[in-house]
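Rule-based calculations on the coordinates, nothing more; no lab input. Just so it is clear, the structure is predicted and the values come from calculations on it, not from any experiment. We place every Cβ from the backbone using ideal geometry, glycine too, and count neighbours over all the protein chains shown.
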Amino acid sequence: MLTHPVIIPILLSIGLIGLVVEVLIPGVILPGVIGIASFAVFFIGQILAGYSGWEPILLFLLGIVLLVIEIFVTSFGILSVAGIASIGGSVAFAVADAKYGVQSFFLALILAGVATWITVKRFRNRGVWNKLILKQQLTKEEGYLPTKSYEFLLHREGTALTPLRPAGKVVIDGERFDVVTEGGFVEKGDSVVVIHVEGVRIVVRPASRQEGAAAPSV
């Protein structure tokens, strides 16, 4: 009975669906137990009928190990594909007709695909796929601060605290800022005006020079 052409795809489908659900939702346990039990019944039937030895079981166990590793290591599905391929190979080697074994396994894969879709829709907030999604928000409440903006300094005047050659420090309204000039040098104590702000980069020019005039040669 266990080697009947109708029973084989049923056992494979139950086994594969159980394993897939267990991988997608780690910790549920019951689907994994049912899946492994179904595969165990399948292999026992093939061994008792004299169609299989222990080698396919070793290949099957390799597939199980790969699926278990997938639960703990994000491989973007590579380990899952390798595990399913190993299990499929074990089925093909275990049955009397390898072609029929592959066909039965592909039928089980289709049913497992349907079960996967249902599982993802039903348990979308509990699945292993959530490891691939960054859920944490970088908010002030969590202690994260956005990059400081210096847009408020645009067109403000200050004084060079150090020589700007072309980078240096200026004082604007009593506060120090790191700045760069638009190309020329500025001596310490000269007045400057902020002409451009990009993120934390503050660009200044001498306040005495008209906007649009050429920078002095160095």
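The table below gives the values:
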item: Residue order, fewest to most beta carbons within 10 Å, for Arg156, Arg176; result: Arg176, Arg156
item: Distance histogram in 10 Å bins (all Cα pairs of region 7-132, percent per bin); result: 14, 48, 29, 8, 1
item: DSSP-defined antiparallel bridges as percent of all bridges, region 151-206, nearest 5; result: 90 percent
item: Pairwise Cα inverse-distance average, inverted: Kirkwood Rh of region 151-206 (Å); result: 10.5 Å
